[in-house]
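To start, the structure itself, in structure tokens.
The values are calculated or read from the model by the stated rules, or taken from the named source; none is laboratory data. Not measured: the values here are computed from a predicted model. Here the Cβ positions follow ideal geometry from the backbone for every residue, glycine too, while neighbour counts run over all protein chains shown. Ligands, DNA and RNA are stripped out before the accessible areas are found, and what is left, the full protein with its side chains, is counted by its heavy atoms. Shrake-Rupley method; radii C 1.70, N 1.55, O 1.52, S 1.80 Å.
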Amino acid sequence: MWAVIVRRLVVAALVALAVSVMTFCLSHVAIDPALALAGDSATDLDIETIRERHGFDRPVVVQYADYLVRLLQLDFGTSYLTNRPVLEMVAERLPATALLAVLSIAFALALAIPLGVAAALRPNSIIDRFALFLAVAGQSIPNFWAGLLLILLFGVQLRWLPISGSDTLAHFVLPMIALGSYATPALMRLTRAGMLDVLSSDYIRTARAMGLSQGSILFRWGLRNALLPVISLTAVQFGFMLGGSIIIESVFAIQGIGYLAWQSMSRADMPVIQAIVLMISMFYIALTLLADLLNAWTDPRLRTPT
Amino acid sequence: MKRVLATAAISALTLGVLTLGGDAVKAGPDDNSLTIGLGEEFPNLNGYLNTARDGVVMTRHLFDTLIWRNPETFEYEPLLATSWRQIDERSWEFDLRDGVTFHDGSEFSAEDVTFTLNRYADPEAGARSQASVGWIERVEAVDARTVRIVSKEPFPAALEFIAGSLPIYPSDAYQAAGPDAFGQSPIGTGPYALTAVEGGTYTLTRNPAYFADGGKGTPSIEVLRVRTIPDSATRIAELIGGGIDWTWNMPSDQIEQLSDIPGVTAVLGSTMRIAMVALDAAGRTSEGNPLTDVRVRQAINHAIDRETIVTNLVGGDGRTINAPCYPRQFGCDESAAVVYDYDPEKAKALLAEAGFSEGFTVEMASYRDRARAEAVQAYLAVIGITANLEMLQARASFSAWREGQIGMWYGDWGSFSIADASASMGNFFNGGTNDGARDEEIMALIAEANVSVDPETRKQSYAEAITLASERAYWVPMHTIVMGYAYKSDLDFTPHVDELPRFFSASWK
């Protein structure tokens with residue numbers, strides 16, 4: 001087990017390095033960073049001053065090496081725009097994004113698992129069709145559009161919920177639904193398929209023959225096995241949410257990492273972009289690792305090395 | 001199944017509880033507050049480091065400049081200085097107002113002026129707009145209530161910058177805090193003081209000690225709440241739902257729909273911003289490309305029906321322009337420009353004469369408005385020019401033009417709200433990266449006009465530059481840009497052409 005974890009961590013570090021090279025190169029290729037920082041109404045003199053000030057006139061390789069050396073000292077640099085330490089800015093925004101992601105995945109699971117199970121129990125029934133409809137709708141509606149629809153209905157028409165901002169928990173309800181509804185369909189269909197599969201398997205038939213209660217069969221033996229792939233998918237979806245939150249956070253004006261990323265991208269504030277991309281990719285790697293470990297814990301067969 | 005139901009019930013309950021947690025939005029006129037929805041977050045409130053428009057707007061509320069330009073009359077009026085005079089061709093002297101205090105209670109003095117301006121005139125201080133401060137050689141106190149600003153060379157636009165982009169900071173408080181911390185919690189003499197920053201909302205409270213007899217007057221609204229909401233659809237929803245009272249940067253096609261909503265006023269206000277199709281006459285994209293031929297550039301000028309674009313796609317009180325500057329800017333003499341009427345047949349003839357009767361293909365970039373850019377593309381197609389249009393982010397689009405990657409650029413320029421042709425022509429025909437013409441003759445005229453102290457000489461030089469630039473058709477001067485504002489109908493608010501909303505002059509009816 002430990003060997004697996006160590007190997008995964010080494011891979012994670014290599015992936016992070018590759019990601020850092022890519023973001024660094026991309027942000028230099030896409031746009032002249034001095035120009036981006038200088039803004040729309042900058043004169044040539046302004047651009048030149050910024051170029052020298054931030055060392056953009058040095059070769060890209062030198063700039064990258066410099067960046068890497070600082071990174072190894074856990075120095076994520078200072079934002080070009082605010083002059084504040086990147087780590088501080090990211091840390092400030094992290095709670096809002098974490099809260100949104102956790103709420104959204106919880107919302108998605110709370111919807112997906114019961115619906116998936118119910119649909120599997122009565123294939124082709126009304127519930128099953130309803131679940132299928134939800135799945136198709138959820139996956140085909142872009143989440144920023146879903147967000148706007150929710151805003152119009154619950155914010156403008158009914159005035160039940162605040163439209164934008166992140167001051168109170170109530171501010172997170174609409175974004176949670178918008179972001180969570182995108183993850184729901186895949187999770188639900190996987191639950192349904194897994195459940196159908198499990199329910200027709202030999203050991204469930206045996207359990208039924210032994211006279212175990214329906215509840216015990218479903219939840220103790222059925223769901224536990226059906227959920228294995230769902231766990232892996234949840235991890236992946238959770239990672240997606242961090243990406244999706246870039247759009248959702250700007251639609252709902254939530255002061256989180258996604259919003260910060262969007263803001264930094266539109267102004268080429270590279271130290272911040274690099275830190276966020278690096279962080280998200282590390283997070284992704286950690287999530288997949290976690291999913292594997294969880295699976296191993298849920299399914300003893302996966303614990304034995306092959 | 002029970003557990004399933006339990007989960008569902010808990011979810012429903014949570015939703016219900018959370019709903020109760022939503023704070024009722026405080027309405028504007030009731031507590032005399034104004035909630036402003038901006039689209040762009042400003043990195044800090046230091047007016048020298050922050051050039052984002054939304055941030056500039058806020059600094060005007062927190063800080064004062066020595067003098068102020070009346071947005072209606074374009075005349076200079078007293079602010080922190082009560083009177084001023086030119087001493088010689090490089091020096092201006094200002095008498096400072098008595099009894100002005102900063103938000104922290106400290107008294108405003110000549111030292112604050114000399115400190116602030118000398119500090120940011122130093123390139124090391126990192127002012128984002130070097131054009132605003134780079135001309136200053138030194139600032140000195142003549143006595144406790146008089147300061148003198150000396151420019152490096154004669155600088156006719158000095159008062160424009162002093163009135164516009166040079167806020168005065170408290171020297172002691174600034175030095176104690178340092179530039180970054182000061183930008184986070186600024187202290188000024190302005191009509192409003194920053195009193196809280198929470199969850200992305202800035203709260204500005206009326207400065208009770210504000211002097212009434214300056215150009216800005218006494219503010220009527222007690223509290224300004226400033227929120228950043230990047231998505232314009234969300235901003236509209238917030239305005240309708242009552243979450244904000246005022247917003248801008250609304251797309252012009254939505255202004256009409258917005259004005260149908262009861263209680264909402266939506267207007268298109270004209271601005272100092274001008275739009276142009278700049279042409280690669282210098283051959284930066286490739287030497288000898290079709291655009292280096294003056295007949296081709298003239299053909300393009302004849303091919304585009306600017307009037308129709310303005311009527312149908314700009315709207316409001318947008319208008320066509322003929323010179324490469326904003327008509328109300330000093331030195332922007334439109335009568336000096338050669339005007340090209342809409343005449344596609346003439347355009348085709350000119351193209352044929354230049355040897356391009358079969359037309360050609362050119363790369364074109366734009367950013368602000370796809371419909372307008374596509375209209376230009378369609379007009380060009382009529383005379384046989386295929387323009388490959390690329391809609392980009394503003395900065396990427398600027399970058400493409402400046403780096404000479406595109407032949408045509410449908411861009412715009414706001415002149416930093418400076419009402420002097422040096423801020424428009426001076427930036428596009430000076431041989432810099434913005435200059436797609438690189439015309440030595442025009443460059444010489446601009447250089448002369450930029451430093452000449454005699455207003456008549458300046459006017460003359462700019463007029464000659466305008467004639468040459470239009471004769472040689474370096475641009476298709478297009479139109480002024482309009483800004484879409486939307487706000488509660490019971491708010492008394494006046495948009496101004498310099499795109500600087502003044503909430504200290506706004507009030508609830």
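I'd like to know if region B:182-193 contains one or more residues that are among the polar types (S, T, N, Q) and part of a helix (DSSP H, G or I). Please lay out each step first, then the result.
First, the residues of region B:182-193 that are among the polar types (S, T, N, Q): B:184-185, B:189.
If we keep only those that are part of a helix (DSSP H, G or I) too, we end up with B:184.
Looking through region B:182-193, at least one residue is among the polar types (S, T, N, Q) and part of a helix (DSSP H, G or I).
Can you find even one residue in region A:158-165 that is among the hydroxyl-bearing types (S, T, Y), part of a helix (DSSP H, G or I) and closer than 30 Å to B:T201 by Cβ?
Restricting attention to region A:158-165, the residues satisfying the condition of being among the hydroxyl-bearing types (S, T, Y) are A:164.
Among the residues that remain, those that are also part of a helix (DSSP H, G or I) are: none.
Checking region A:158-165: not a single residue is among the hydroxyl-bearing types (S, T, Y), part of a helix (DSSP H, G or I) and closer than 30 Å to B:T201 by Cβ.
Residues in region A:103-123: is at least one closer than 30 Å to A:S181 by Cβ and in a loop (DSSP other than H, G, I, E, B)? Working first, answer last.
Filtering region A:103-123 down to residues closer than 30 Å to A:S181 by Cβ leaves A:103-123.
Subsequent filtering for residues that are in a loop (DSSP other than H, G, I, E, B) retains A:122-123.
Checked against the condition, which is being closer than 30 Å to A:S181 by Cβ and in a loop (DSSP other than H, G, I, E, B), region A:103-123 yields at least one hit.
Take region B:19-45 and flag every residue that is farther than 18 Å from B:F493 by Cα, assigned to a loop (DSSP other than H, G, I, E, B) and either modelled with pLDDT of 75 or more or not small (G, A, S) (or both).
Here is the first cut: in region B:19-45, the residues farther than 18 Å from B:F493 by Cα are B:19-26, B:39-45.
If we keep only those that are assigned to a loop (DSSP other than H, G, I, E, B) as well, we get B:22-26, B:39-45.
Answer for region B:19-45, where residues must be farther than 18 Å from B:F493 by Cα, assigned to a loop (DSSP other than H, G, I, E, B) and either modelled with pLDDT of 75 or more or not small (G, A, S) (or both): B:D23, B:V25, B:K26, B:G39, B:E40, B:E41, B:F42, B:P43, B:N44, B:L45.
Yes or no: region B:49-66 includes at least one residue that is more than 17 Å from B:A506 (Cβ to Cβ), in a loop (DSSP other than H, G, I, E, B), at pLDDT below 90 and open to solvent by less than 10 Å² (accessible area, probe 1.4 Å).
yes
Just name the residue that is nearest to A:T43 (Cα to Cα) out of those in region B:136-163 that are touching a residue at least 60 places away in the same chain (Cβ under 8 Å) and acidic (D, E).
Per the criteria, the residue is B:E160.
Matching residues to (1) at pLDDT 95 or above; (2) touching a Gly at 6+ places or on another chain (Cβ under 9 Å); (3) under 22 Å from B:G283 (Cα atoms):
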residue: B:D317; (1), (2), (3): no, yes, no
residue: B:R328; (1), (2), (3): no, no, no
residue: B:E358; (1), (2), (3): no, yes, yes
residue: B:V376; (1), (2), (3): yes, no, yes
residue: B:V382; (1), (2), (3): yes, no, no
residue: B:G404; (1), (2), (3): no, yes, yes
residue: B:G432; (1), (2), (3): no, no, yes
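Within region A:151-164, is even one residue buried (at least 22 other Cβ atoms within 10 Å of the Cβ), within 17 Å of A:Y259 (Cα to Cα) and out of contact with any strand residue (DSSP E or B) (no Cβ under 8 Å at 6 or more places or on another chain)? Don't jump to the end; show me each part of the working.
Going residue by residue through region A:151-164, those that are buried (at least 22 other Cβ atoms within 10 Å of the Cβ) are A:151, A:155, A:161-164.
Still in the running and within 17 Å of A:Y259 (Cα to Cα): A:163-164.
Adding the requirement that they be out of contact with any strand residue (DSSP E or B) (no Cβ under 8 Å at 6 or more places or on another chain) leaves A:163.
Within region A:151-164 (the criterion being buried (at least 22 other Cβ atoms within 10 Å of the Cβ), within 17 Å of A:Y259 (Cα to Cα) and out of contact with any strand residue (DSSP E or B) (no Cβ under 8 Å at 6 or more places or on another chain)), the answer is yes, since at least one residue qualifies.
Counting just the residues of region A:78-129 that are more than 26 Å from A:G222 (Cα to Cα) and of a type in the set (S, T, Y), which one comes out surrounded by the most Cβ atoms within 10 Å (Cβ to Cβ)?
The extreme case among them is A:T97.
Show the residue pairs that are 6+ apart or on different chains and have beta-carbon atoms under 6 Å apart, the first residue being within region A:231-244 and under 13 Å from A:I280 (Cβ atoms), the second being open to solvent by 30 Å² or more (accessible area, probe 1.4 Å).
The qualifying pairs are A:G239/A:Y284; A:L242/A:I280.
Output the residues belonging to region A:138-157 that are assigned to a helix (DSSP H, G or I) and free of Cβ contacts under 8 Å to residues at least 12 places away in the same chain.
To start, the set of residues in region A:138-157 that are assigned to a helix (DSSP H, G or I) comprises A:138-140, A:143-157.
Correct list: A:S140, A:W145, A:L149, A:L152, A:L153, A:V156, A:Q157.
Given (1) touching a Lys or Arg at 6+ places or on another chain (Cβ under 8 Å); (2) more than 10 Å from chain B (Cβ to nearest Cβ); (3) of a type outside the set (V, I, T), identify the lone condition not met by A:L81.
Of (1) touching a Lys or Arg at 6+ places or on another chain (Cβ under 8 Å); (2) more than 10 Å from chain B (Cβ to nearest Cβ); (3) of a type outside the set (V, I, T), only one is false for A:L81: (2).
Per-residue answers, yes or no, for (1) within 12 Å of chain B (Cβ to nearest Cβ); (2) open to solvent by less than 10 Å² (accessible area, probe 1.4 Å); (3) modelled with pLDDT of 85 or more:
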| residue | (1), (2), (3) |
| --- | --- |
| A:G244 | no, no, no |
| A:I247 | yes, no, yes |
| A:L260 | yes, yes, yes |
| A:M265 | yes, no, no |
| A:M270 | no, yes, no |
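Scan region B:141-164 and give yes if some residue there is surrounded by fewer than 23 Cβ atoms within 10 Å (Cβ to Cβ), closer than 30 Å to B:A371 by Cα and within 14 Å of chain A (Cβ to nearest Cβ), otherwise no.
No - not one qualifying residue is present in region B:141-164.
Pick from B:T457, B:T467: which is free of Cβ contacts under 8 Å to residues at least 60 places away in the same chain and either over 18 Å from the mean Cα position of the chain (by Cα) or at positive phi (or both)? Reasoning before the result, please.
Details: B:T467 fails: free of Cβ contacts under 8 Å to residues at least 60 places away in the same chain.
Going through B:T457, B:T467 in turn, the sole match is B:T457.
Against the conditions (1) among the small types (G, A, S); (2) in a loop (DSSP other than H, G, I, E, B); (3) in contact with a Phe, Trp or Tyr (Cβ under 8 Å, 6 or more places away or on another chain), where does B:A282 fall short? Just the number, please.
All conditions are met except number (3).
Quickly run through region A:236-279 and pick out the residues that are within 18 Å of A:I163 (Cα to Cα) and out of contact with any Ser or Thr (no Cβ under 9 Å at 6 or more places or on another chain).
Listed by number, the residues that qualify are A:I246, A:I247.
Do you know which of the residues in region B:227-237 that are open to solvent by 10 Å² or more (accessible area, probe 1.4 Å) and of a type outside the set (K, R) is modelled with the highest pLDDT?
B:I236
Which ranges mark the strands (runs of 3 or more DSSP E) fully within region B:70-135 that have 2 or more residues being among the hydrophobic types (A, V, I, L, M, F, W, C) and either away from chain A (no Cβ under 14 Å) or free of Cβ contacts under 8 Å to residues at least 40 places away in the same chain (or both)? Spell out how you get there, then give the answer.
Numbers: elements: B:76-78, B:81-88, B:91-96.
Strands (runs of 3 or more DSSP E) meeting the threshold: B:81-88, B:91-96.
Conditions first: (1) open to solvent by less than 30 Å² (accessible area, probe 1.4 Å); (2) within 14 Å of chain B (Cβ to nearest Cβ); (3) touching a residue at least 60 places away in the same chain (Cβ under 8 Å); (4) among the hydrophobic types (A, V, I, L, M, F, W, C). A:A183 passes all but one, so which condition is the exception?
For A:A183, the failing item is (2).
Looking only at region B:216-235, how many residues end up being at the interface with chain A (Cβ under 10 Å from one of its Cβ atoms) and not hydrophobic (A, V, I, L, M, F, W, C)?
Step one: filter region B:216-235 for residues at the interface with chain A (Cβ under 10 Å from one of its Cβ atoms), giving B:227-231, B:233-235.
Still in the list and also not hydrophobic (A, V, I, L, M, F, W, C): B:227-228, B:230-231, B:234-235.
Going through region B:216-235 one residue at a time, the tally reaches 6.
Quick one: in region B:246-275, of everything that is open to solvent by less than 10 Å² (accessible area, probe 1.4 Å) and within 14 Å of chain A (Cβ to nearest Cβ), which residue is nearest to B:L224 (Cα to Cα)?
The extreme case among them is B:T247.
Among the listed residues B:A110, B:A121, B:A177, B:A127, which satisfies the condition of being surrounded by 14 or more Cβ atoms within 10 Å (Cβ to Cβ), more than 26 Å from the chain's Cα centre (by Cα) and within 16 Å of B:L49 (Cβ to Cβ)?
B:A177
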